[in-house]
Structures are given as structure tokens and as C-alpha cells.
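Structure record follows, encoded as C-alpha cells.
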Amino acid sequence: MLDKNILKSQTELVIFDMDGLMLDTERYFYLGIEEAFSRENIQVNMEEYKKTLGTVNKVEMQKFNQSAYADEEIDKMKEDVVARLREKLCQDGAPVKKGLKELLDALRARAIKRVVATSTPRVWAEKYLASAEIEKEFAYIVTGEEVRAGKPQPDIFLKAAEKAGVAPEKCLILEDSYAGGLAAKRAGIPYIIVPDINPPSKEIKGSALFVAESLCEVAALFK
């Protein structure tokens, strides 16, 4: 059983994933892409898109494309949709997940350091966080572009801990995805899963400190 008093006393750094964990962006892009192709009556396999969530991996077009169009055309269409969705997201403001503000308040009150480790390119990560008005909550951002191997490899989390000067066992990772949970496990860093689109596997649930329904439950651990 998770002892929240030990968690509070031992945690010096919380490493946040961004998409699907803090911001409701994974669902936003998933539904946006699905709707765009459906509107044009173009058949694609969205389960293949799901597999890339939380990683720097690209969709395997041979599996994603279920239409008569060439893979290159479908890839270009998808990238055009993503570009439009990104701009709209930044204009409208990235939607914040339930409990995030309460969690940030609780960590700030305890002087626990906070950083972001995301597979999203830095140029967009910074814009999303700014649009949600939470960019000042974090000491820095580490992105998938800055490490040799992205999630599910542990590089990004180890780099985040190293930059903060905090030992891995004194860190806590918050993740929503299988890839992120596996990366945390491989890094040897304690982690909590807050599932979003993809439910966690038995492996990831089994080695997590806790599987929370929302960030509200994580915030309660630090109050």
C-alpha cells in the first residue's frame, strides 16, 4: 500500500508528462484526425495512431492507411490536419486536465521541484503550456528531441533528473501512457499512472506506485 507520508518526505522532484497527463491534447488530436478523415470518407486505422501516443514514433502508414490513396498522400493529409489542430489549440488554449491546478498548488506549497518531460517538439510544448497559462510552474522542459532515444526508453526521464540534480529515487514521474510508464520503469524512477486514452497494461500497473483516476487523487497525496 502506498504510504503518502513517505512519498511526501522523499519526493524532491516531480517529472510531468504533458499530453494526456496535464493537457487533454491526445484526445483532441485523436478525435480531430478521426473526424477529418471520416468527413472525406477516407478509411484509416486509428488504432495504429493510438500506438504512437506518448512516443516520438511516427504512424506506420502501411497499417494506418486503409484507403485507395497512396501512403504518401495520406501522410500529407494527416500532417495538414495536425498542423491546423495545433494552431487552433494554441489560439483557443490547451484544455487542462482535472486536478492539475490543485496538484501544482500542493507541490509548490511543499517546495517540490517540477519539470516537464514530453515527446512533443519543444516549439509546440512551449506554446501549449503557455496557452494553458502554466508554463511558469516548471523549472524547465525536456523534449524527445534532446535525447538519443525517446519513450519508451528511459533517456528523457534520466536527463530530467540529471538536469535537476536529483537522484532518481528522489523523483516521481506522472504519466498517462504505456510508453511513458515503461520508460519510467526502465529508468528505475517511481511513477504514478493517470490513464488517458490507452489503458495501462498489467505490467505497467503492477510496477506503478499507484493508478489514479485523475490528478485530483495525486494532489491529495501531497496535501
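Which FRET efficiency value, to the nearest 0.05, do you get for residue 9 and residue 163 by plugging their Cβ-Cβ distance into 1/(1 + (r/R0)^6) with R0 = 30 Å? According to the calculation, E is roughly 0.85. How far, in degrees from 0 to 90, does helix 122-131 lean away from the longest principal axis of the Cα atoms of the chain, to the nearest 10? Relative to the chain, helix 122-131 is tipped by roughly 70 degrees. Distant-in-sequence amide contacts of residue 44, defined by a placed amide H-H separation under 5 Å and a gap of 5 or more residues or a different chain, comprise 66.
Neighbours of residue 99, meaning other residues whose beta-carbon lies under 10 angstrom from its beta-carbon, give a summed charge of 0 when Lys and Arg score +1 and Asp and Glu score -1.
Among the trypsin sites (Lys or Arg not before Pro) within region 119-148, those in coil by DSSP and having at most 14 neighbouring Cβ atoms inside 10 Å are 148. Of 57, 41, 65, the residue with the greatest mean-square motion in the GNM of the chain, using alpha carbon springs below 10 Å, is 41. Seen against the Cα atoms of the chain and their longest principal axis, helix 178-187 is set at about 40 degrees. Sequentially through region 89-100, phi angles give Karplus couplings (6.51, -1.76, 1.60; θ = phi - 60°) of 4, 5, 6, 7, x, 5, x, 8, 6, 4, x, 4 Hz, Gly and Pro residues having no value and appearing as x. With a threshold of 25 Å on the Cα-Cα distance, the over-threshold entries among 127/163; 76/159; 97/205; 78/159; 76/127; 88/136 are 76/159; 78/159. The H on the amide N of residue 166, modeled in the peptide plane, is under 5 Å from the matching H of no residue at least 5 residues off or on a different chain. In whole angstrom, how far apart do the alpha carbon centroids of region 125-156 and region 60-90 sit? Here the two parts' Cα centres lie 24 Å apart. Our summary gives region 26-92 a relative contact order of 33 percent, counting only alpha carbon pairs under 8 angstrom and 6 or more residues apart. With a cut-off of 10 Å between beta carbons, the residues surrounding residue 57 carry a summed charge of +2, where Lys and Arg count +1 and Asp and Glu -1. In terms of packing, defined here as the mean over residues of other Cβ atoms within 10 angstrom, the peptides 157-166, 208-217, 176-185 line up highest first as 176-185, 157-166, 208-217. Neighbour counting of Cβ atoms within 10 Å sorts the residues 197, 15, 189, 33, fewest neighbours leading, into 197, 33, 189, 15.
Considering only DSSP beta bridges with both partners in the chain, what is the antiparallel share in %, to the nearest 5? That works out to approximately 10 percent antiparallel. Counted by neighbouring Cβ atoms within 10 Å, the residues 112, 134 run from fewest to most as 112, 134.
Values in this text are rule-based calculations from the coordinates and carry no lab data. All values reported here derive from a predicted model rather than from experimental measurement. Cβ: placed from backbone, ideal geometry, glycine included. Neighbour counts: every protein chain shown.
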